[in-house]
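A.B. asks: I'd like to ask some things about the structure below.
The values are calculated or read from the model by the stated rules, or taken from the named source; none is laboratory data. Keep in mind that this is a model prediction, so the values were computed, not measured. Here the Cβ is made from the backbone with ideal geometry for all residues, glycine too, and neighbour counts use every protein chain on show. Accessible surface areas use protein heavy atoms only, side chains included; no ligands, DNA or RNA. Shrake-Rupley method; radii C 1.70, N 1.55, O 1.52, S 1.80 Å.
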Amino acid sequence: TVPSPPPASQLPKLVLVVAVALIDRSELQNPKCLLVQRPAGKPMAGLWEFPGGKVESGETPELALAREIKEELGVKVNVERMQPITFASHTYESFHLLMPLFAADEWEGELKPLEGQTLQWVGVDCMRRKAGGAEAEIPMPAADIPLIDTVVTAMIGESAND
């Protein structure tokens, strides 16, 4: 028999966030993806993640992502040109994260860390070898780790919009 799901009151709070793999293709043979390090004082401080944030009530994931990227990094992304590539569904201790991940290789403006975070461009080989769990050189939140292979595929593929 199939077990019954627990009552809703026992389920962790669902948190909807959205993230983007910003891909720099200026060096055709060496595409890079932007990772952002969570600043001190925030949950999961010190971990590297794909930039993004919470989806507010009344927002689509695309509009939330455009807002978050403008607030966090000072650049404008065109929601029409972003492509959904995968999603994460991960249960943390106090909440369940649902996170659509988009790819974008075009933005307007100069990337600047506006919320105290550190930025790092990571190439394909570095992403494959160094990104991962707590022991990795580039430690990432548990929800982000399964997304690495899909992001690498997006990095080495054609433009996110071709």
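A.B. asks: Whether any residue in segment 109-117 is basic (Lys, Arg) and either under 30 Å from residue 9 (Cβ atoms) or modelled with pLDDT under 90 (or both) is what I want to check.
C.D. replies: We begin by selecting, within segment 109-117, every residue basic (Lys, Arg); these are 112.
Okay, now just the ones that are also either under 30 Å from residue 9 (Cβ atoms) or modelled with pLDDT under 90 (or both), so none.
No, because not a single residue in segment 109-117 is basic (Lys, Arg) and either under 30 Å from residue 9 (Cβ atoms) or modelled with pLDDT under 90 (or both).
A.B. asks: For residues that are outside any strand (DSSP E or B) and in contact with a Pro (Cβ under 8 Å, 6 or more places away or on another chain), scanning just segment 109-121, find the one that is least open to solvent (accessible area, probe 1.4 Å).
C.D. replies: Selected residue: 117.
A.B. asks: Among the residues of segment 47-58, are any touching a Lys or Arg at 6+ places or on another chain (Cβ under 7 Å), touching a residue at least 24 places away in the same chain (Cβ under 8 Å) and not hydroxyl-bearing (Ser, Thr, Tyr)?
C.D. replies: yes
A.B. asks: Among the numbered criteria (1) open to solvent by 50 Å² or more (accessible area, probe 1.4 Å); (2) assigned to a helix (DSSP H, G or I); (3) under 13 Å from residue 23 (Cβ atoms), which one does residue 106 miss?
C.D. replies: (2)
A.B. asks: Take the residues of segment 61-77 that are outside any strand (DSSP E or B) and touching a helix residue (DSSP H, G or I) at 6+ places or on another chain (Cβ under 8 Å): which is surrounded by the most Cβ atoms within 10 Å (Cβ to Cβ)?
C.D. replies: Ranking the candidates gives 65 first.
A.B. asks: Within segment 83-103, count every residue that is at pLDDT below 95 and surrounded by 17 or more Cβ atoms within 10 Å (Cβ to Cβ).
C.D. replies: 0
A.B. asks: Still on this model: If you go through segment 1-59, how many residues are within 27 Å of residue 116 (Cα to Cα), of a type in the set (S, T, N, Q) and surrounded by 10 or more Cβ atoms within 10 Å (Cβ to Cβ)?
C.D. replies: Count: 1.
A.B. asks: Between a residue in segment 1-25 that is at pLDDT 95 or above and any residue that is open to solvent by 70 Å² or more (accessible area, probe 1.4 Å) and not in a loop (DSSP other than H, G, I, E, B), which pairs come within a Cβ distance under 6 Å, given they are 6 or more apart or on different chains?
C.D. replies: Note: pairs meeting the criteria are 17/54.
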